[in-house]
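The values are calculated or read from the model by the stated rules, or taken from the named source; none is laboratory data. If you're wondering where the values come from, they're calculated on a predicted model, not measured in any experiment. For neighbour counting, all protein chains shown are included, and Cβ atoms are generated from backbone atoms with ideal geometry for every residue, glycine included.
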C-alpha cells in the first residue's frame, strides 16, 4: 500500500491572485529579510489585506533554518494566533513555516519530535500556504522539514504527512528575480529530486511520470533560465518542474546524492542544490556498476541514449555532469573554495552523517561505510566512479 500526499496546487500565470479568495482573520507570513527587501513579501501581504486578513511578518528565517529560529517563530505565532500560516521563499522559509505551524498547534513538542509515526492533530488552529520564490526545493508540496542542529552541526530530516501544506501557490513571477547562480543551484536540486525519486527503491507508477516530466524540463530549460532570467517560458517551465519533482520525491524518496549532499552542505557550507547536483553523477555511476536498470531506463526515456544496462546508466551520469558544467557549477569538491586539509579534517564526520541520513535508505545500490568513504574521495577529486 502506498500513499500520495499533495496540497491543493494553484499554478501558472497570476496564481498569486488565489490569496484574494481566502477567508480568515489573521495570517503569519514566514519569510526572510531579503524577500522583504525585494518587495515579494509585500505582494503577498497586499493580497491578504485585500481578502480582509490582518498580517504579521516573521522575516527572521536564515538559510538552513536552526531549531532556535523555529522556537522564535512559534513564540510569535502564539502571540499572533493566526488562522493562516504562509511560508514564502525557498526551501528554508517554507520548511520553517511547516515546523513553526507544528509547534504552534503542538506546543508540547520539540522540533526533533516531528516524525512520520505520531499523530500531530494539526488544523485545529491554522492552515498552511506555501509560496515558492525559487524553482528547486519542491518544499511547497512536500511534508519534509529540514532543520539545522547548530550544536551538533548537522541537518535533521523531519516531517509528518499531516504537515503538508493545504495550498501551494506556484506563480512563476515570484521566481523571476532569481540571479543566475541561485537559478543554477535550485534547478539542480529539482533535477536531483526528479532523478533520485525515479531510480530509488520506493518509486511508484504514480511518481514516475511526474519525475520524468520534471527531469526532461530541467535538461531543456535550466540552461535557458540561467542564461537569461527574463526568459519567462524557461522560468515557468522550471517553476512547474520543481513542483512536479517535489511531488515525485515527496511521495517516493530521494537517494544517495541527497544523503551525501546534506553532509557536504553541513560540513563544508556548500549550498544545498549545488551539493546534491555535484554528487548526483557520482552516485548514478555507483549504481550503474550493479543495478543500472532504472538509471538506464530514465536515460532512454529522456532520449539521452538507446543503450541499456551499465552503458545506459553511465549515459545519464554523463548528461548530468555535462549539464552541471554547462551552467557553470562545480563538478568536484576540489573546484570549490575548500582547502584539501579542511576536507580531510571533516570528511570522517561527513561520512558518518551521510551513512545515518534517511535518504540513504532508498539508494538503488546500498553503500558500505567503506564504499561511502571512497565515494566522497571521488567526489572531491572529480574521478569517474569505477567500482
Yes or no: residue 82 assigned to a loop (DSSP other than H, G, I, E, B), in contact with a helix residue (DSSP H, G or I) (Cβ under 9 Å, 6 or more places away or on another chain), at pLDDT below 95 and not assigned by TED's automatic domain parsing to the domain that holds residue 273? no
Taking the stated definitions as given, is residue 65 over 14 Å from residue 132 (Cα atoms), touching a strand residue (DSSP E or B) at 6+ places or on another chain (Cβ under 8 Å), exposed (fewer than 15 other Cβ atoms within 10 Å of the Cβ) and modelled with pLDDT under 95? no
So, residue 141, is that one in the same structural domain as residue 59 (by TED's automatic domain parsing), touching a strand residue (DSSP E or B) at 6+ places or on another chain (Cβ under 7 Å) and over 21 Å from residue 53 (Cβ atoms) or not? yes
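Against the definition (in contact with a helix residue (DSSP H, G or I) (Cβ under 8 Å, 6 or more places away or on another chain), under 27 Å from residue 271 (Cα atoms) and surrounded by fewer than 24 Cβ atoms within 10 Å (Cβ to Cβ)), how does residue 30 come out, yes or no?
So residue 30 does not fit the description; no.
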Given the conditions (1) under 20 Å from the mean Cα position of the chain (by Cα); (2) touching a residue at least 24 places away in the same chain (Cβ under 8 Å), which single one is not true for residue 34? (2)
Any chance you could count how many residues in region 93-121 are touching a residue at least 24 places away in the same chain (Cβ under 8 Å), touching a strand residue (DSSP E or B) at 6+ places or on another chain (Cβ under 9 Å) and outside any loop (DSSP other than H, G, I, E, B)? 13
